[in-house]
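Scroll down for the structure; my scribbles are underneath it.
What follows is calculated from the coordinates using simple rules that are stated; it is not laboratory data. Treat the numbers as computed from the prediction; the structure is a model and nothing was measured. Here the Cβ positions follow ideal geometry from the backbone for every residue, glycine too, while neighbour counts run over all protein chains shown.
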Amino acid sequence: MSQHAGAQTTNDSDWARVGGAALGAYSGAVLGTLAGLVPCNQTYAGHRCVRVTAIGGGVIGLAGGYYLGDADAERVGDAALGAGIGFAAGTLAGLVAMGPAERFGWSDVAALGVVGGAVGASGVGSAIGFGAGAVTGFILWKAIPSFEFADAVGLSLVGLAAGGLTGWIVRAADAQNGAGAAAGQQTVPLVVSVRF
């Protein structure tokens with residue numbers, strides 16, 4: 001009986017790792033893409049630059065989701081629920097925008113749904129990052145003449161992505177620490193010093 005229960009726990013943990021990694025990779029890649037849109041389009045390597053930010057975000061999200069699932073399957077479920085709510089909200093916003101907005105089609109509605117799902121999977125971190133980026137961008141837009149409104153929007157998106165990706169990392173670290181404490185493990189701080 002105990003062997004069956006142990007096998008079931010391992011199986012659930014495997015699915016949580018895979019699901020967390022997939023959800024984190026999706027969320028991170030979309031957030032990374034959003035972060036790169038405005039800054040990268042101001043460079044000569046626009047498409048390549050966005051590709052790099054998308055891959056970087058996907059790797060961070062994948063790692064965060066994997067370690068989150070490794071320690072706490074329930075939190076992966078919460079992230080999936082957030083992604084579902086975000087997808088529904090983004091899709092609804094797209095449907096509402098279809099009426100008054102010209103050249104706004106079904107592909108745009110789907111894109112908003114995908115973005116909403118990615119943001120919703122790491123909702124708290126994304127909201128905090130977006131707020132910080134938006135406030136900073138607004139202040140710089142008003143204070144610096146060369147800082148345009150598009151730059152303020154770009155900074156808001158960078159903040160959104162940074163907050164969302166940080167959310168994946170923080171949740172994974174918190175879950176791992178909680179799992180370690182529950183198993184009676186001790187955490188050893190690692191100090192790294194860099195000298196130039």
Note, Leu155: beta-carbon cut-off 14 Å, +1 each Lys/Arg, -1 each Asp/Glu, net -1
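Ile139 to Asn41: FRET efficiency via 1/(1 + (r/R0)^6), r the Cβ-Cβ distance, R0 25 Å, to the nearest 0.05?
Between Ile139 and Asn41 the formula returns 0.65.
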For region 85-187 the translational diffusion coefficient, Stokes-Einstein from a Kirkwood Rh over Cα pairs at 4 °C and viscosity 1.567 mPa s, in µm²/s, is roughly 83
For Ala97 and Glu74, extending 7 Å from Cα along the Cα-Cβ vector and measuring point to point gives, in nm, a value of 3.6
Share (percent) of C-alpha pair distances in region 48-117 greater than 13 Å works out to 71
With Rh as the Kirkwood radius over Cα pairs, region 1-128 has Rg/Rh of 1.10
Unit-weight point scatterers at every alpha-carbon of region 143-182, Debye formula, q = 0.27, 0.33 1/Å: log10 I(q)/I(0) is -0.83, -0.96
